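J.: Handing you this structure, nothing more for now.
The values are calculated or read from the model by the stated rules, or taken from the named source; none is laboratory data. Quick caveat: nothing in here was measured; it's all calculated off a predicted structure. Positions of Cβ are backbone-derived with ideal geometry, glycine not excepted, and every protein chain shown enters the neighbour counts.
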2 protein chains.
Amino acid sequence: MKSIAENTINRLIVYKKELGRLLKDSVSNVYSHKLAQLSGFPSHLVRRDLMNVGYYGSPAHGYKVNELEKCISDFLCTPDYVRVILIGVGNLGRAILDYCNQQNPKISIIAAFDSDKNKVNKIYHGIYTFHIGSVQNYIKENDIKVAIITVPGSEAQKIASEIVESGVNGIVNFTPVRLQLPDDVYIENLDMMLGLEKVVYFVDGG
Amino acid sequence: MKSIAENTINRLIVYKKELGRLLKDSVSNVYSHKLAQLSGFPSHLVRRDLMNVGYYGSPAHGYKVNELEKCISDFLCTPDYVRVILIGVGNLGRAILDYCNQQNPKISIIAAFDSDKNKVNKIYHGIYTFHIGSVQNYIKENDIKVAIITVPGSEAQKIASEIVESGVNGIVNFTPVRLQLPDDVYIENLDMMLGLEKVVYFVDGG
DNA sequence: TTTGAATTGTGAAAATAATCACAATGTGAA
DNA sequence: TTCACATTGTGATTATTTTCACAATTCAAA
């Protein structure tokens, strides 16, 4: 498998989403310039990226929206169906439950976990909440590979270590803690404060 | 102002946070290797980054935690106090209100806005919620430059255009919509689904 | 059929970022 | 004082990413 830059992956995911939207609007063809405008990246970068995934358009009609969408999806090898769990059903966790399952039919949050007894056995946005104590068994029995962590920072490292031990090797980490985990675990840190600080930097400083 | 790569800024923000934590633990000195381990970046990159901000440690004692923290803060020129508003008081908006104001004393969310009359005039996590109709005036009167958008995707573009027109030039966009705005507006897109898709890619695809 | 306009695909160049390797520095022990 | 050690700071190198520039392609219209 040829190695593709992380930035390229980011952009492909954005293209894919925009293509999905075009598809919904029954747009059948799109030019690199249009895709560039929609995604916010320059058009030559769009073309370069599409080269990487191996899709070829035509100079006359640009790219076929449905084919390209399919092609990027295949490339990202979003498999038929990925099952994900969410740990920590606070405000943020519930927001994610609400949001995620309406966005991508191929990636589903299939269970939630929390330590609060008032939340356990409840259903939030269609997802059943189990007690955190059962998470390791759940991961093993259902062969879960990806988890979203939205617990308080103080608990993040402990839980992360446990789920990795049980077989998880991809984590979306919404806590402000930098998790210390084996190198083969892919961690995507989505600390919201970081995004805000960056904006403040580029607005005031730069 | 010399131009610093966005990636460097990202890392600096992470260092700053880890330094803050060390400071709390009364650690007075830190070596690049330690900072590397905490932040997850290689140590030579840490040293290179610190070169960029112009802080110099000593081979014997590494870096002084308090000085370095101060130096990075100054470099990021997080000014004395930045006032930010949040638009859209749903699950996600409330989670952010809860989370942000306890993280960085120099950046505060000072007001929230929503169109739902049941939320207007309420206080969530200490922040007063105004009706969305008043947001343009509020921005002008209080000279707001940065906003967090957590409204439904369908409303995002309209609101973004309005607030930019009123003077905002930095946006943290939590909606899945790619906002079309003038080039001088800095936009940080934090689409949560994107993070999840990325993890799925790197876990399953390789 | 030929021309013209728009767009793609891509080699090559430029710009940017990350890594390496090591001299310089300071410290503590002998 | 001298030596050994660990660490910093940085020039040089390597690798990666982005941009440029233009030939090749396709179609519609004359």
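J.: Does A:Asn66 satisfy the condition of being more than 16 Å from the chain's Cα centre (by Cα) and either within 30 Å of B:Arg94 (Cα to Cα) or within 11 Å of chain B (Cβ to nearest Cβ) (or both)? Steps first, please.
T.: Values: more than 16 Å from the chain's Cα centre (by Cα): yes; either within 30 Å of B:Arg94 (Cα to Cα) or within 11 Å of chain B (Cβ to nearest Cβ) (or both): no.
Considered against the rule, which asks whether it is more than 16 Å from the chain's Cα centre (by Cα) and either within 30 Å of B:Arg94 (Cα to Cα) or within 11 Å of chain B (Cβ to nearest Cβ) (or both), A:Asn66 comes out as no.
J.: Residues that are within 16 Å of DNA strand C (Cβ to nearest atom): find the helices (runs of 4 or more DSSP H) completely inside region A:2-105 holding 1 or more of those. Working first, answer last.
T.: Values: elements: A:6-24, A:32-39, A:43-53, A:65-75, A:91-100.
The helices (runs of 4 or more DSSP H) meeting that bar are A:6-24, A:32-39, A:43-53, A:65-75.
J.: Select from region B:77-100 the residues that are more than 7 Å from chain A (Cβ to nearest Cβ) and either surrounded by fewer than 17 Cβ atoms within 10 Å (Cβ to Cβ) or in contact with a His (Cβ under 6 Å, 6 or more places away or on another chain) (or both) and list them in ascending order.
T.: Correct list: B:Asp80, B:Tyr81, B:Arg83, B:Leu97.
J.: Checking the structure you have, find out if any residue of region B:105-125 is free of Cβ contacts under 8 Å to residues at least 24 places away in the same chain, outside the structural domain of B:Tyr55 (by TED's automatic domain parsing) and within 19 Å of the chain's Cα centre (by Cα).
T.: The answer is yes, given that some residue of region B:105-125 is free of Cβ contacts under 8 Å to residues at least 24 places away in the same chain, outside the structural domain of B:Tyr55 (by TED's automatic domain parsing) and within 19 Å of the chain's Cα centre (by Cα).
J.: If we scan region A:144-166, do we find a residue that is more than 7 Å from chain B (Cβ to nearest Cβ), among the charged types (D, E, K, R) and surrounded by 20 or more Cβ atoms within 10 Å (Cβ to Cβ)?
T.: Looking for residues that are more than 7 Å from chain B (Cβ to nearest Cβ), among the charged types (D, E, K, R) and surrounded by 20 or more Cβ atoms within 10 Å (Cβ to Cβ), one finds none in region A:144-166, hence no.
J.: If the Cβ limit is 9 Å and pairs must be 6+ apart or interchain, which residue in region A:175-201 that is farther than 17 Å from B:Gly170 by Cβ and at the interface with another protein chain (Cβ under 7 Å from one of its Cβ atoms) pairs with which residue that is among the aromatic types (Phe, Trp, Tyr) and assigned to a loop (DSSP other than H, G, I, E, B)?
T.: Qualifying pairs under 9 Å: A:Leu190/A:Phe174.
J.: Which is within 17 Å of the chain's Cα centre (by Cα) and away from DNA strand D (no atom under 16 Å from the Cβ), of B:Gln102, B:Gln136? So that I can check it myself, show each step before the final result.
T.: On the way: B:Gln136 fails: within 17 Å of the chain's Cα centre (by Cα).
None of the others qualify; the one that does is B:Gln102.
J.: Considering only residues that are more than 13 Å from chain A (Cβ to nearest Cβ) and surrounded by fewer than 17 Cβ atoms within 10 Å (Cβ to Cβ), look in region B:32-46 and name the one that is nearest to B:Leu12 (Cα to Cα).
T.: In this case the residue turns out to be B:Leu45.
J.: Where the second residue is assigned to a helix (DSSP H, G or I) and the first is charged (D, E, K, R) and lies in region A:40-65, which pairs have Cβ atoms under 7 Å and are six or more apart or on separate chains?
T.: A:Arg47/A:Ser32; A:Asp49/A:Thr8; A:Asp49/A:Arg11; A:Asp49/A:Leu12
J.: Identify, from the list B:Val14, B:Val53, the residue that is among the β-branched types (Val, Ile, Thr) and within 13 Å of DNA strand D (Cβ to nearest atom).
T.: Values: B:Val14 fails: within 13 Å of DNA strand D (Cβ to nearest atom).
Selected residue: B:Val53, the only one of B:Val14, B:Val53 that is among the β-branched types (Val, Ile, Thr) and within 13 Å of DNA strand D (Cβ to nearest atom).
J.: Let me ask something else. Kindly list, by first and then second residue, each pair from a residue in region A:2-13 that is more than 11 Å from A:Phe75 (Cα to Cα) to a residue that is of a type in the set (Lys, Arg), limited to pairs with Cβ atoms under 9 Å and residues at least 6 apart or on different chains.
T.: A:Glu6/B:Lys198; A:Thr8/A:Arg48; A:Asn10/B:Lys198
J.: Scan region B:158-176 and tell me whether some residue there is over 20 Å from A:Phe202 (Cβ atoms), in a loop (DSSP other than H, G, I, E, B) and assigned by TED's automatic domain parsing to the domain that holds B:Leu97.
T.: Filtering region B:158-176 for residues over 20 Å from A:Phe202 (Cβ atoms) gives B:158-159, B:162, B:176.
From what's left, in a loop (DSSP other than H, G, I, E, B): B:176.
Subsequent filtering for residues that are assigned by TED's automatic domain parsing to the domain that holds B:Leu97 retains B:176.
Taking every residue of region B:158-176 in turn, at least one turns out to be over 20 Å from A:Phe202 (Cβ atoms), in a loop (DSSP other than H, G, I, E, B) and assigned by TED's automatic domain parsing to the domain that holds B:Leu97.
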